[in-house]
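Presented below is the structure to which this report refers.
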Amino acid sequence: MSTRLSKGGRLLDRSKALDFVFNGKRLKGYQGDTLASALLGNDQMLLGRSFKYHRPRGLVASGAEEPNALVHLGQGGRFEPNQRTTTTELYAGAELSSQNHWPSLEFDVGAVNNAFARFLVGGFYYKTFIHPRFAWKHVFEPVIRQSAGLGKAPKEADADHYEQAYDFCDVLIAGGGIAGLQAALVAGQAGKRVILLEQTPYWGGRAPVDGDVIDGRPAADWIAATVADLAKMPNVTLKTRCMAAGVYDHGYILAEERVADHTPGDGRPKKRLWRIRATRIVAATGALERPLSFAGNDIPGVMLASAVRDYVVNWAVSPGDRTVVVTNNDDAYRTAIALKEAGLAVPVILDARASANGPLPTKARAMGIRVEAGKAIAKVKGGKRVTGVAICLQAGEGAVLEEIACDAVAMSGGWSPVVHLWSHCGGKLLWDEAQAMFRPDATKPPTSHDGQALVYAVGAANGHLQATAILPDAAQGAAAAAGVTPSGVAAQAAPSDEAPLEPVWTMPQGAPIQLRSKMWLDYQNDVKVSDVQLAAREGYESVEHTKRYTTLGMATDQGKLSNINGLAVLAQSLNTDIPNVGTTTFRPPYTPVTLGALAGESRGEIFQPLRKTPINDWHLKHNAYMEPVGLWRRAYCYPKGGETHSQAVDREILAVRSGVGLLDASTLGKLIVKGPDAGRFLDMLYTNVMSNLGIGKCRYGLMCTEAGFLTDDGVVIRLDEDTWLCHTTTGGAERIHAHMEDWLQCEWWDWQVYTANVTEQYAQIAVAGPKARKVLEKLGGMDVSAETMPFMTFKEGTLAGLPVRVHRISFSGELSYEIAVPAGHGLALWEALMEAGQEHGIVAYGTEAMHVMRAEKGFIMMGDETDGTVIPQDLNLGWAISKKKADYLGKRGQERTYLASPDRWKLAGFETLDGSVIPDGAYILAPGVNANGQGNVQGRVTSTYYSPTLKKGIAMGLIKGGLSRMGDVVEFSAITGQPIKAKVVDPVFYDKEGEKQNG
Amino acid sequence: MTAQARPSKRYSVFALAKEALSWHMGWEKAWASPEPKKSYDAVIVGAGGHGLATAYYLGKNHGITNVAVIEKGWLGGGNTGRNTTIIRSNYLQDPSAAIYEKARSLYETLSQDLNYNVMFSPRGLLMLGQTHHEVRGYLRTVHANKIQGVETEWISPQKVKELVPIINIDGPRYPILGALYQARGGTARHDAVAWGYARACSAMGMDIIQQCEVKGVTSAGGVVTGIETTKGYIQTKKLGIVVAGHSGQVADMAGFRLPVEAVALQALVSEPIKPCMDVVVMANTVHGYMSQSDKGEMVIGGGTDGFNNFTQRGSFHHIEETLRALIETFPMISRLKMLRQWGGIVDMTGDRSPIISKTPLGNCFMNCGWGTGGFKAIPGSGWAMAELMAKGEPGPLAEEFSMWRFKEGRFIDESVAAGVAH
C-alpha cells in the first residue's frame, strides 16, 4: 500500500494538517502537499479510468506530464474537470472526485470495453459503424460520445475572475531549476532586465531530490542562497506558480500565473495571464522521464522512477512497500537508494542493459539491493493495483524466469528534454544517439526580428542531464542571450559518474503481439505499442498520420510521456531511424491554460468595449429598449405604459410627422479631413465632387470600395477653406477612418491631408418634425429661419447658451435640424430641447422610428439597401456620381461588364396588393429553375415596414429592370404559405416633392 | 515499389472481428505508396481533401483512373487536417448554396461510398442572430435557401436554448434573438475524409505520391505537358492544381497570377469533457464558433490573422477575442482549459468565394480560394473539379466560380451572410 512516512518530506509543513474529501471520503494531508501526494499518502492509488477501455489508472508522474490522475475539483461555480492532481496544490476543504466511470471508480461498467480491447484497436471506428447509415448519428456516435470525454462539464458560470498583465524584459528565463537560477544570475549580473518564471511553488527543480552537491554544499542550500541573491537585484523579477505557456513570433510569451488557485475564494483572481515581450528567451525547462513499454505498464502502482523518488523525498509518501525498479539507465538507481534510505523494500532492480557496474549500481548493491542486469519485466501482475512482476530476459521473447511479489514498480526509460518553448517558433531538433533523445539543434534556433536566436535552451532542456554540465551550460546560454561574454565562474556541481543508457523501446525486445497489445504508450488515450505498429502496417507512415490514426499524444498531456516512445516504435515498424520519422509539431500551450485566463477581465457587460452616448442615461431613465449597434448601445424605441415595441415605434413616428421629435444621433461617425490636399482627397474618396462644396454648405456623398461597391454614405460639410467634416454611418466611423488612412499612408503618402475621428467629441441631436424650428427658436441664441438657414446648409452659433453647430439636413423627410454640441453639453442640450418642445408634444424617437421614416421617404440605408454587392447606380443614385471627375475609388470597378450590365437588379418601391407587410428577406420569384435546379429569382426586398403614416405595408427592394417595371405585379417568396403579390411603385412614399424637409 | 498492392478488402464489423482473431496482422495498407510513373492522363497537385476528392470523382464519375495525386508533405496534412470540421450549406448566393449543398449531400453517404467511416454527423448547426440587422440577414438566407432547395429555418431563442442547454441567451450585450438553423448541418472526422478518399483512389489504381514537391510546370504551345518534381519529371495530359495556401506559388510555376492571398486562420481545442453540446454553434456578431468533438474536446474557431503569412502557427490575439465572445455565449466554459492551438494557411479571394476554373494555360485547371470554408466543400469541390478536368469545360456547379469573374465584377459575395470565418 502507499502510505505517509513518519519522517521526511522536504516540502511538507506537518504542523498544518489540511482536511479534504475524495469521492465522499474525508482524508488528511499537509500544507505543501499536491493533490497527488495527499491522495497517495492516504493509500489512494486508484484515481481514475482511461479514455477508451476504462482501465483502472493511478498516478504515473509527479508533474505536468501526468496523464492519468485527473479529477473533478470544487463545487458549483468553482467546479473544474480534468484538474491535474500532480500540479494542483492541496488546500483545506478541497473536494475531489474521480472521473470517467459509472457507477463508481471501483466498479465501472465502461470497463467492458477492456474485455473487447482486442477488437477496439487503434482506428477501429474508421472500419465499422458504416452501416446502416442513420445508425452513426443515432446509435454509435452517442455511445462513443458518452464513453469518451474525461471530466464532467461544468454546469454553472465561473465564480472566479481572472486578470491579465503585461511586462517586458531583455531576458526571459523559463524554469526555476538550477539551470534557470544560474542563468538568471548571469543575466542579472550583466545588468539586464530579467524575468524568471517557475511553474511550481518551489525553486530548484529536481536537484535537491537527486542529491546534487553544488559549490560544496547541498543543492538546497545553493538554491536558497541564489534565490536570495536574485531577490536583491532590482533588475530581476522572480515569479513562482507561473508557467511559460507559449512562445509566439517576435519574442511574445504567454505565461499563466496561478494566483489564487490554491486559495479559492480569497478575493484574488484565480489566475493571471502574463503577456511578456522579451528580447531573448532562455528555456531552462528541464527534462521529462520516459516510461518503459512492458505489458501491464499502466496498472496502478507502476510509476516513473523519478516520480517515486519525488513522492518519497518531497512529500514523505511511499508509493508502495515493495517497489521493483526497472530501468535502462543509472539514474533510476537513485530511486532505489532513496526508497532504501526511507526504510522501504526494493526486491530487485531490473536493468535492461547487459551490465550495470557504475558508481550508482555499485552503491545500490552495497546497500543490499539485488540488481539483475539484462533483465526485463515480461508482465506486471494485478488489476486495480500491482501485485507482482514476471521477470524475463530483455533480449528474449518474454519467457518468464521468475515472479516477484511487489506493490509498486518504478520505471525509467531515459529522459527527454522539454523542448516545447524552443520549438513553438520553429527551433529545430536533432537526435542524440548516445542519450536517445531529441534535443535542440543550436545551429537552427528560432530566430527573432534581427535574425539572431530568439530562444536559448540550457541545462536539461538542452540535453545535459548532469548538474556538472547543466550549470556551465546555463551560464553560457544566459550570457549569449544577454549578449555578454561570460564573466566569473559558474557554480560547480560535484561530479557523479553515470554509465550511458541503452535505448529500450519494447520490453522484452522480442515481445510477441500478446504482450505488445498490453504495452501502453499513451495512457490516457489507451494507445499501445501494437496500435502504432498497426498504423504503420496500414500505411499511416507519417508521424502525423500515426498520431491522428491512433490518437497517440493527443491526450491532455499532449504526448509529454508518450511521444518519443511512440515514434521509436513507429521507426522500428517502418525499419527506419527515429530522426527520419521526426516529431509531431509542438504547439502552445505547454500545459493547458484556463480559458477564463485567456479572456481576462473582459466579461459580462464589458466583454467588449461598451460605447455610450452622452445622453445614454436619459434613454435608460425613459424606459428605452436599447439595441447593440457595433459597440454602441442605441435606443430602439421608448415604450410607454404597456406599449409593445411596434406600438411605441408607431406612436413616435406619428408624433414626429405631426409635431416634433428628438433622435440621439451622436453615434454618427464624424471625421475631420484637413489640409491643402483635403479637397482633392475627398474627390477621390467620394463618387461626387466635394472640393467645390461651399463653406457653410452640406452635401450628401457616397463612398465605394475599390471594387466599385457602395460601402458608406453621409453628409459632408465644409468648415473652412481646407477643412471638411465627413459624417459616416454609425457602424462605419472606424472602418472609414482606417480606409482613409490606408489610402493616405499607403498610396497618396505625399498628399498633405490630416484626418481625425471626432465621433465621440460631439453629441449630435436630430430635431425633426414640422415644429422643429419653433423648438429651436424657443431655445434662442441664433437665427434658424428658412431664409438664413436653407436646406443643406449649416451654421455655428449658440442655442440655450451652448456652443452648437446646426445642420439643416434630414433623414426623416421632415423639417429637421441636426445639432452638434461638444459631448459634455450633450445631455444639457437634449434636456433643453425636451423642455422647449413640451408645448408641441415633443417625443424622443428611437432608431426603429428613424428606419421607418427614412423608408417612407425612400432614403436608402447602408446595410439594408446595400450588402457589399450593390453599386450606387443600382440604387438610382447616378446623380451623386460625378461625370466630370477623371477618377474616384470604385470608378474603374464600376466600369466592369457585370457592373455596367443593364440586367442588374435596381431599386424600386413595392406595395402589397392587400396592404400587408412583405416579410424581411423575401426574394422576388421568377419562373423556372437554373442549371443547378435552384428556383429562379429576379430581385429581393431590402427594407420592409408597416408605415403608420400611410397605414399600410411599404417596401423598397431591388428588381431586375428597376423603375422600368413600375406597375408590374410580382411575387415575393414566403417561408410558409403562398407567395405574396406586390406592385412595383415609386420608392418615395412620403412627401415626394420634398416640401416638408425643404421648408 | 511500383507494383505495390492496392487496398482490396472491405471494412466492416465482420472484417474487424475476423482480423482481431489474428491480432490485426492481416490488414492491408490503406493506400499504396508507389513511385511516380512516367506519364498520366491527369495529375493533381495536392493530396488534401479537395485534391483527393477530385481524383476520386475523376475515376468514379468519368472513368479516368490513370491519375496521380502529388503531395509535398503527407496526405491530408494541410487544412484538411487542421480545421474545425464544420459542414453546412446555408449559404446565401446561389452558386455557393449549390456547391456546398452538393457537398453536404455527398457527405451524407460518404462513409458508405468510400467504405470508410468519416463520421459525418448531421447534428445540426446554429448561426446565432444577435442584432436586428443580423436577424434580417439570416431571414434573407432562409428565403434564399428555401428557393435553392436547402433546408434551413429560423428558430426562436427558446428553441436555441432547448438545442443548446449550455448557452446563455440573455447576455448583457448581445442577447440572442433567434438563430438560423440547419438541422442537417454538422461535423465529420476531418482526417478520415482525406484517408477515405485516398484509400478509394488507391483502390482504383491511382497513384498517391507523398513527399513529392512540384518544382515546375512544363508546357508546349500554351498547353500543359507535365511537371517537374522532387521525384523527377512526370508527363500529364491534364493538370489540376489544388493546393490551398500555396496556390499562388504553383500558379506562378504555371505562368499565371491568381487573385488570392494567404493568411493564417486560428483554432483551438479544450481538454475533453463529457458531452454537453450536441450542435454546432456559430456566433458571428461576437466572432466565434464552437462544437464538441466525439472525443469531448470543445473545438473553437477564431479569426484570421491580420497579415499575410505561411506559418501554420498559432497566434494569440484572435484567440483572446474569440474566447471572450464564447465565454459570454457559454459561461460554463470559463474553467475549461485550452489544450492546443494552431493555425492553418487559407487562401482568400476578393469575394471570399472559391475558384474552380480553367486557367490561361491549356489543360491546366485551378481549384483554390476556399478561404476559411474549405472542409465542408470537399466532396462538392472534388465533384465539380473532376467534371471540369474531365470535360475541359465547367459544369453548372463550377461555372460561376471562374477566375475571370473578378475581371467582370461578377462577385459571389458571401460576406453578407457570414462576415467572419465560415
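What follows draws every value from the coordinates through simple rules; no lab data is involved. Keep in mind the model is a prediction, meaning the values are calculated, not measured. Neighbour counts are summed over all protein chains in view; Cβ atoms, including those assigned to glycine, are modelled from backbone coordinates with ideal geometry.
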Per-residue ³J(HN,Hα) for the stretch A:660-673, Karplus 6.51 cos²θ - 1.76 cosθ + 1.60, θ = phi - 60°, Hz, x for Gly and Pro: 7, x, 10, 10, 7, 9, 4, 6, 3, x, 10, 10, 7, 10
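Counting only Cα atoms, I'd like the Rg/Rh figure for the stretch B:150-232, Kirkwood definition for Rh.
Numbers: Rg = 24.3 Å, Rh = 18.3 Å.
With Rg and the Kirkwood Rh in hand, the quotient comes to 1.33.
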Least to most buried among B:Trp27, A:Trp879 (fewest other Cβ within 10 Å first): A:Trp879, B:Trp27
Using alpha-carbon coordinates, inclination of helix B:317-329 to the longest axis of chain B, degrees: 50
Listed residue pairs exceeding 30 Å between alpha carbons, taken from A:Lys952/B:Lys146; A:Lys375/B:Lys295; A:Lys885/A:Lys906; A:Lys547/B:Lys72: A:Lys375/B:Lys295
Under 5 Å, built H, 5+ apart or other chain: amide partners of A:Trp632: A:Arg611
The stretch B:217-309: trypsin sites (Lys or Arg not before Pro) in DSSP loop, at most 11 other beta carbons within 10 Å: B:Arg257
Length added when fully stretched, B:Ala183-B:His133, from 0.36 nm per residue minus Cα-Cα: 15.7 nm
Gyration tensor verdict on the stretch A:291-413 (Cα atoms; rounded if a/c is under 1.5, prolate if a/b is larger than b/c, oblate otherwise): oblate
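Within 10 Å of each Cβ in B:141-152, how many Cβ atoms from other chains are there, averaged over the peptide? Kindly include the intermediate steps, with their values, before the conclusion.
Details: counts 1, 6, 12, 8, 2, 6, 9, 8, 5, 1, 0, 1.
The mean count of partner-chain Cβ atoms within 10 Å per residue comes to 5.
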Hypothetical label at A:Ile695: residues of the stretch A:705-724 whose amide nitrogen lies under 11 Å (7 Å Cα-Cβ projection): A:719-723
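Can you tell me what the convex hull of the Cα atoms of the stretch A:899-998 projects to on average, as an area in nm²? It would help to have the intermediate numbers written out before the result.
Numbers: hull surface 32.1 nm².
That works out to 8.0 nm².
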Largest-first principal axis extents, alpha carbons of the stretch A:1-156, Å: 64, 35, 26
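Counting other beta carbons within 10 Å of each residue's own, what order do A:Cys637, A:Cys704 fall into, fewest first?
With the fewest neighbours first, A:Cys637, A:Cys704 line up as A:Cys704, A:Cys637.
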Compactness relative to 2.2 N^0.38 Å, alpha carbon Rg of chain B: 0.98
Long-range amide H partners of B:Thr372 with built H, under 5 Å: B:His422
Estimated 222 nm signal from helices in the protein assembly as shown, with DSSP H stretches of n ≥ 4 weighted -39500 (n - 2.57), rounded to 500: -7000 deg cm²/dmol
Angle between chain B longest axis and helix B:49-62 axis [Cα atoms, degrees, rounded to 10]: 60
Chain A - Rg (one decimal) and Dmax (whole number), Cα, Å: 37.5, 113
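Averaging the inverse of every distinct alpha carbon separation and then flipping it gives the Kirkwood radius. What is it for the stretch A:897-945, in angstrom units?
Working: mean 1/r = 0.0781 Å⁻¹.
So the Kirkwood estimate lands at 12.8 Å.
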Long-range Cα-Cα pairs in the stretch A:198-324 (distance over 21 Å), rounded percent: 60
Dimensions (Å) - the stretch A:795-886, Cα atoms, principal axes, largest first: 45, 31, 22
Cα-Cα P(r), the stretch B:88-233, percent of pairs per 5 Å interval: 2, 9, 13, 13, 12, 11, 11, 9, 7, 6, 4, 2, 0
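Taking every pair of distinct Cα atoms and averaging 1/r, then inverting, what Kirkwood hydrodynamic radius in Å comes out for the stretch B:276-398?
Values: mean 1/r = 0.0592 Å⁻¹.
Result for the stretch B:276-398, one decimal place: 16.9 Å.
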For A:Tyr549, A:Tyr625, order by how many other beta-carbon atoms lie within 10 Å, fewest first: A:Tyr625, A:Tyr549
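A:Lys375: net charge of surrounding residues, Cβ under 12 Å, Lys/Arg +1, Asp/Glu -1, itself excluded? Show your work: numbers first, answer last.
Working: positive: A:Arg353, A:Arg370; negative: A:Asp351, A:Glu372, A:Glu402.
Overall, the nearby charge balance is -1.
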Under 19 Å from the A:Glu747 label point (7 Å along Cα→beta-carbon), backbone N, the stretch A:870-889: A:870-873, A:881-889
Protection proxy ranking, peptides B:115-122, A:859-866, A:479-486, average beta carbon neighbours within 10 Å, highest first: B:115-122, A:859-866, A:479-486
For the stretch A:669-760, the fraction of alpha-carbon pairs in successive 5 Å shells from zero, as %: 3, 15, 28, 29, 18, 6, 0
Convex hull of Cα atoms in the stretch B:191-237, direction-averaged projection (nm²): 4.2
Whole-Hz ³J(HN,Hα) from phi, Karplus 6.51 cos²θ - 1.76 cosθ + 1.60, for the stretch A:357-368, glycine and proline x: 10, x, x, 5, x, 4, 4, 4, 4, 5, 7, x
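Using the Cβ atoms and a cut-off under 12 Å, what net charge is assigned to the surroundings of B:Val280, where Lys and Arg are +1 and Asp and Glu are -1? Intermediate values should be presented prior to the final figure.
Numbers: positive: B:Arg88, B:Arg123, B:Arg184, B:Lys376; negative: B:Asp278.
Cβ neighbours under 12 Å give a net charge of +3.
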Charge tally in the Cβ shell below 12 Å around A:Gln514, where Lys, Arg are +1 and Asp, Glu are -1, A:Gln514 excluded: +4
Under-5 Å amide H pairs with B:Val45, H placed in peptide plane, nonlocal only: B:Ile70, B:Gly240, B:Ile241, B:Val242
Phi to ³J(HN,Hα) by Karplus 6.51 cos²θ - 1.76 cosθ + 1.60 over the stretch A:963-979, Hz, x for Gly, Pro: 5, 5, 8, 3, x, 4, 9, 10, 10, 9, 5, 10, 5, 10, x, 6, x
Share of Cα-Cα pairs in the stretch A:124-222 lying beyond 15 Å, as whole percent: 77
Reciprocal of mean inverse Cα separation for the stretch A:504-585 (Kirkwood radius, Å): 12.2
